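Undergrad: Here it is: the structure, laid out below.
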Amino acid sequence: MKKYIGLIILTLSIIIAGVLIKSRPVAVAKENKEDIPYVKTMMILPRTVKASISSQGIVQPESELILLSELSSRVEWLSPKMEAGSSFKQGDTLIVLDKRDYELALISAESQVLNAEVNLEREQAESELAKKEWKRVGAGLGSDLALRKPQMAQAKATYAAAKASLEQAKRNLGRTIFIAPFDGRVRTSRINIGTTVFPGTSIGNIYATDAYEVRLPIADQDVPYSGLEFNGQKIEESKRLDVIIIQGDNKWPAKIVRTEAEIDPVTRMMAVVAKVDNSDKIMFTTPLAVGQFVQAKISGIEISNISVLPRSSVRNESVWVVDNQMSMQNRSVDVLRNEDDFALIGEGFEPGDRLLTSRVSSLVNGLRVTLELK
């Protein structure tokens, strides 16, 4: 057996090898399929939009008055509403000056008017009498002195001067009381009870609260999209642009009422002035405050045939799209302007283009893709 063991092993090896060769798998040729990626896209629909211009500014009162004394007197009464920051209503009495001297001056002026009126009536009667006497005894035309014409003119002038003095006395008496000309607020107060004031003395500052203004600088690239003429004039009501004044979560509607004709020496920009109508305070849950810093969105001119795309999709004045042949293409586009998170595109797209919104590992011109179904 020992001398046949090698032959047995060789025979078994040949048999096993033959079995393995016959049972080996047969390679089947398969067709190589192209790997087409799935992508997400967004329709590109040209439309007409209004340019949105961003700016910022500080709220200021539309109407502000510096109160000046026109008399020499003493402050007799001061309203509690005349304190800095206090509000008042139209018609409220704010300040009363000592008016005794001006009441006496009014009585004296009234007396002068009565005396001048009596003198004028007397002179009229004497003038009529002189005319009758001259007709009775005189011949020809009488002299002005004989007919008392100079005396009559003097009496009329004296009466007119007395009436003017009376009017001045009434005006001075009225100036002893300061009446609020509008609903407003006190910015500063510079007097107290007992303060002596003179003509030209500054008493305080007040401003109206029925309307506020915000001066809004406009960047050079935004000026053409405002559609305004920067000539320093008021804008016709029909041509006033809409504005939204923003401060945090609060918003107030406003209108552009005028433009400025000079370039700001600090910002080097042109500016417009927006007016916020605050007369109906019920509509504002949070009122505006003078001196408040706010943002603004101005609705400019309408731009036709514009595609509004996410700003992040535009790179180096170009956009990746999927064309009507289901291939990725890099389009060079005309970016008219950027507004917040959006870009306004003019020309550059072709019919059937869809914006590529998926993140693709490799962006290749002409790469075929398939739209991902939601």
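The values are calculated or read from the model by the stated rules, or taken from the named source; none is laboratory data. Computed from a predicted structure; not experimentally measured. Neighbour counts are summed over all protein chains in view; Cβ atoms, including those assigned to glycine, are modelled from backbone coordinates with ideal geometry.
Undergrad: With the requirement that a residue be outside any strand (DSSP E or B), touching a strand residue (DSSP E or B) at 6+ places or on another chain (Cβ under 6 Å) and not aromatic (Phe, Trp, Tyr), what does the range 168-193 give you?
TA: Here is the first cut: in the range 168-193, the ones outside any strand (DSSP E or B) are 168-176, 180-183, 190-193.
Next cut, touching a strand residue (DSSP E or B) at 6+ places or on another chain (Cβ under 6 Å) only: 176, 180, 182, 190-191, 193.
Correct list: Thr176, Ala180, Arg190, Ile191, Ile193.
Undergrad: Filter the range 88-128 down to the residues that are out of contact with any helix residue (DSSP H, G or I) (no Cβ under 7 Å at 6 or more places or on another chain) and not in a helix (DSSP H, G or I), then identify the one that is surrounded by the most Cβ atoms within 10 Å (Cβ to Cβ).
TA: Checked the range 88-128; the qualifying residue surrounded by the most Cβ atoms within 10 Å (Cβ to Cβ) is Leu97.
Undergrad: Within the range 364-371, identify whether any single residue is under 39 Å from the mean Cα position of the chain (by Cα) and either over 18 Å from Pro46 (Cβ atoms) or aromatic (Phe, Trp, Tyr) (or both), and answer yes or no.
TA: No: zero hits.
Undergrad: Go through (1) modelled with pLDDT of 90 or more; (2) under 13 Å from the mean Cα position of the chain (by Cα); (3) among the hydrophobic types (A, V, I, L, M, F, W, C) for Val290 and report which single condition fails.
TA: In the conditions (1) modelled with pLDDT of 90 or more; (2) under 13 Å from the mean Cα position of the chain (by Cα); (3) among the hydrophobic types (A, V, I, L, M, F, W, C), Val290 misses (2) alone.
Undergrad: Return the residues of the range 329-357 that are touching a residue at least 60 places away in the same chain (Cβ under 8 Å) and farther than 30 Å from Ser54 by Cα; say none if nothing qualifies.
TA: If the condition is that a residue be touching a residue at least 60 places away in the same chain (Cβ under 8 Å) and farther than 30 Å from Ser54 by Cα, then Asp353 is the only one that fits.
Undergrad: Strands (runs of 3 or more DSSP E) wholly in the range 225-294 with at least 2 residues that are in contact with an Asp or Glu (Cβ under 6 Å, 6 or more places away or on another chain) and more than 22 Å from Gly85 (Cα to Cα) - which ones? Lay out the reasoning, then the answer.
TA: Details: elements: 242-247, 250-259, 270-277.
The qualifying strands (runs of 3 or more DSSP E) are 270-277.
Undergrad: Can you confirm whether Ser202 is in contact with a helix residue (DSSP H, G or I) (Cβ under 6 Å, 6 or more places away or on another chain), at pLDDT 90 or above and not basic (Lys, Arg)? First the steps, then the outcome.
TA: Details: in contact with a helix residue (DSSP H, G or I) (Cβ under 6 Å, 6 or more places away or on another chain): no; at pLDDT 90 or above: yes; not basic (Lys, Arg): yes.
Judged against the criteria, Ser202 is not a match.
Undergrad: Inspect all residues belonging to the range 325-340 and state whether any of them is within 30 Å of Leu216 (Cβ to Cβ), in contact with a strand residue (DSSP E or B) (Cβ under 9 Å, 6 or more places away or on another chain), acidic (Asp, Glu) and modelled with pLDDT under 90.
TA: Yes, that holds for at least one residue.
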